[in-house]
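Colleague: My structure is below; once you've seen it, I'll send some questions.
What follows draws every value from the coordinates through simple rules; no lab data is involved. The structure displayed is predicted, hence computed values, not measured ones. With ideal geometry, Cβ positions are generated from the backbone for all residues, glycine too; neighbour counts draw on all protein chains shown.
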């Protein structure tokens, strides 16, 4: 057993009260790992709370026990805070205030950019997801049931883009095969996660994807969205999923006009462009293939600056690749 | 080892020349199983030909050795014909004429409707795909390599709808995990199969999906396409994949205006409507969840008749379901 896994299991064994949290802008791996950990600790008769900065998006409400998640805490104290799928303690948002109420922070995460902010840090960039890490942790303890399996499946499924991203490997499918024992219905989970749109939503998305902009080489593709509305699901991801139907495009961007002169920029890349790097240049961050940032300025000026940078960045890569 | 697998392996061992074929309207499992079987037999130093009724769709040209597939044969004789992923000998199309040139027909298929038309029939409706069956066959022989693995992965991936259909189970992921050993790039395969559109294609698709029609209960959704162009990929499937983003819709239809006063109607359903049954009423056919037919008449009159029928049909089901 890995030393750090042993350490985490010991810490869990020797303590009674736990707080679980994850990053802002909740998605499948964040919620899947939180709820799986909650159910695991409950099986060990621990006292557990989950608290998140953001409300649970509607599409994840099918996850078992998703209703136990709380938007805030009183002045509860905790023996241990478990921060899952979260690369930096600032990404837990307002929950950061409660972290100091815990005597020990355990940080379990698969982001390469993790800052090791915990007292115990298990950072596994070779794992597809925090959920795949938790599978390993629980397996060491011999604990699994249908509810935990549904949570872990969902986190792995979403973070691997339905098992197609480069983070999917032999081990990922081995874990999924093992989870499938627990009568998981992949069709039901897929439908919950991907069949989300109202007729109005689909019409909105289609209007965006019918008039995309491209750079001259058609390697970069983007859209400006003047009126963005938050939905009970990740509309950004749905738009990108349609944009991904395009062949040969490497970088996908969305520019969304926000209130108070700000623009949210989301980046996705397909094969080789490190969009985490690009987002960091503009004060944001994320993963190599998915990142984002918020920039002050008009939609047009932000578009101009970012696209200029991305063009130069990808051209530079091209040159470097040729060498 | 299953008796029938033993029988097939013996038949292969004791013979020298083989013909491989599959069904008309080739897709991933047909081509994946054909090419995997071809490579397996080549490793055993057999003389092998693949011949299909239809040409290989462009999107499957990435499959290893896809260029060996022939559109016709001379008067070659074969010891054994292997008919893969094909429920009925009539579905091999014109290749049927060559089947009589073989002394023995081996039929390996996972369709429940298989008519057991071969001399040896291995029909496995519990397998996700013919490719998953072949994995088992090859495993008994201890033969596998990267090219075979890519073919089998592709067949399983396409026939399980990226591992989300109800035919996906524990065994499916176990097989995939084992195939992943051979440095398969799932992202590359997914991209070959799903990232197909030019900017013009995506704009065309988006125009269709931005103005869909719905019945009053929003259970049926359809579009009229006045100018249809065949592509090197299945544009129909791509449009349906975008329509499937809609929640709660059960039946999806496309009406395409063809030459000479004809209209092609494609049907898809999600959970319970038997669109094979509906298509049969209009002289067509297919599967429970995917079917089609061609009807004479104007776009509007065909739309009126078909939608009227589908509404009555689904309302009837609703009533029956309530009982």
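Colleague: How much FRET efficiency would the formula 1/(1 + (r/R0)^6) give for residue A:166 and residue A:146, where r is the Cβ-Cβ distance and R0 is 25 Å, rounded to 0.05?
Modeller: E between residue A:166 and residue A:146, to the nearest 0.05, is 0.25.
Colleague: What is the fewest-to-most order of B:131, B:151, A:197 by other Cβ atoms lying within 10 Å of their Cβ?
Modeller: Numbers: B:131 34, B:151 30, A:197 25.
Least crowded to most crowded, the residues run A:197, B:151, B:131.
Colleague: When chain A is modelled as a GNM with alpha-carbon springs shorter than 10 Å, which of A:33, A:178, A:89 fluctuates the most?
Modeller: A:178
Colleague: Mind giving me the nanometre distance, one decimal, between the label points for residue A:25 and residue A:274, set 7 Å out from Cα along Cα→Cβ?
Modeller: 1.9
Colleague: Next question. Taking the Cα centre of each part, how many Å lie between the stretch B:289-317 and the stretch B:1-33?
Modeller: Comparing the Cα centres of the stretch B:289-317 and the stretch B:1-33, I get a distance of 39 Å.
Colleague: Starting from the 7 Å offset along Cα-to-Cβ, what nm value, one decimal, do you get for the label separation of residue B:312 and residue A:226?
Modeller: 4.7
Colleague: Further question on the same structure: Subtract the Cα-Cα distance of residue B:6 and residue B:281 from 0.36 nm times their separation in residues, and report this length gain in nm to one decimal.
Modeller: Working: separation 275, 0.36 × 275 = 99.00 nm, distance 4.29 nm.
Length gained, residue B:6 through residue B:281: 94.7 nm.
Colleague: Now a separate question. Could you list the residues of the stretch A:165-181 with an amide nitrogen less than 15 Å from a label point located 7 Å from the Cα of residue B:181 in the Cα-to-C-beta direction?
Modeller: Residues A:170-174 qualify, since their backbone N sits under 15 Å from the label point.
Colleague: I'd like the distance separating the alpha-carbon centroids of the stretch B:61-111 and the stretch A:146-173, in whole Å.
Modeller: 37
Colleague: Return a whole-number percent for the relative contact order of chain A, with Cα pairs under 8 Å and 6 or more residues apart as the contact set.
Modeller: 12
Colleague: To the nearest 0.05, how large is the calculated FRET efficiency for residue B:45 and residue B:104 if R₀ is 30 Å and r is the Cβ-Cβ distance?
Modeller: Step by step, r from the Cβ atoms, then E = 0.95.
Colleague: Also, quick follow-up: So if I average 1/r over every pair of distinct C-alpha atoms in the stretch A:3-194 and take the inverse, what Kirkwood radius in Å does that give?
Modeller: It works out to 16.3 Å.
Colleague: If you don't mind, there's one more thing I want to ask. Percent relative contact order of the stretch B:211-291, based on C-alpha pairs within less than 8 angstrom and at least six residues apart?
Modeller: Reported as a whole number, the value is 23 percent.
Colleague: What shape does the stretch B:1-116 take by its C-alpha gyration tensor, where a ≥ b ≥ c are the square roots of the eigenvalues and a/c under 1.5 counts as rounded, a/b above b/c as prolate, and the rest as oblate?
Modeller: rounded
Colleague: Taking 0.36 nm per intervening residue step and subtracting the Cα-Cα distance, what contour gain separates residue B:67 from residue B:126 on full extension?
Modeller: Working: separation 59, 0.36 × 59 = 21.24 nm, distance 3.10 nm.
This chain segment gains 18.1 nm when fully extended.
Colleague: While we're looking at this one, here's another question. Calculate the FRET efficiency for residue A:305 and residue A:259 from the Cβ-Cβ distance with a Förster distance of 25 Å, rounded to the nearest 0.05.
Modeller: Computed FRET efficiency for residue A:305 and residue A:259: 0.80.
Colleague: Considering chain A as a Gaussian network with a 10 Å cut-off on Cα pairs, which listed residue, A:85, A:29, A:259, attains the greatest mean-square fluctuation?
Modeller: A:259
Colleague: Using only the alpha-carbon atoms, how far is helix B:3-13 inclined from the longest principal axis of chain B? Give it as 0 to 90 degrees, nearest 10.
Modeller: With rounding to tens, the tilt is 60 degrees.
Colleague: What is the mean number of Cβ atoms from other protein chains located within 10 Å of the Cβ atom of each residue in peptide A:235-243, rounded to a whole number?
Modeller: Whole-number average of other-chain Cβ neighbours for A:235-243 is 2.
Colleague: Something else: Please determine, in degrees from 0 to 90 and to the nearest 10, the orientation of helix A:299-322 with respect to the longest principal axis defined by the Cα atoms of chain A, where the helix direction is its Cα long axis.
Modeller: Helix A:299-322 sits at roughly 80 degrees to that axis.
Colleague: For a protection proxy built on the mean count of beta-carbon atoms within 10 angstrom, sort B:208-221, B:160-173 highest first, please.
Modeller: Ranked by mean Cβ neighbours within 10 Å, highest first: B:160-173, B:208-221.
Colleague: Now for a separate question. How crowded by other chains is A:209-217, given as the mean number of beta carbons from other chains within 10 Å of each beta carbon?
Modeller: 3
Colleague: Can you tell me the Rg and Dmax of chain B, counting just the alpha carbons, in angstroms?
Modeller: 21.0, 63
Colleague: Per residue of B:167-178, how many C-beta atoms from partner chains lie within 10 Å of its own C-beta, taken as a mean?
Modeller: 6
Colleague: Separate question: Against the longest alpha carbon principal axis of chain B, how many degrees, from 0 to 90 and to the nearest 10, is the axis of helix B:199-209 turned?
Modeller: On a 0 to 90 degree scale, this one is about 50.
Colleague: Please order A:91, A:289 by the number of other Cβ within 10 Å, starting at the fewest.
Modeller: A:289, A:91
Colleague: Describe numerically, in nm with one decimal, the distance between label points set 7 Å from Cα along Cα→Cβ at residue B:215 and at residue B:74.
Modeller: Here the modelled spin labels are 5.7 nm apart.
Colleague: The stretch A:203-322: D in µm²/s via Stokes-Einstein (Kirkwood Rh, Cα pairs, 37 °C, 0.692 mPa s)?
Modeller: On the way: Rh = 14.4 Å.
The calculation lands on 227 µm²/s.
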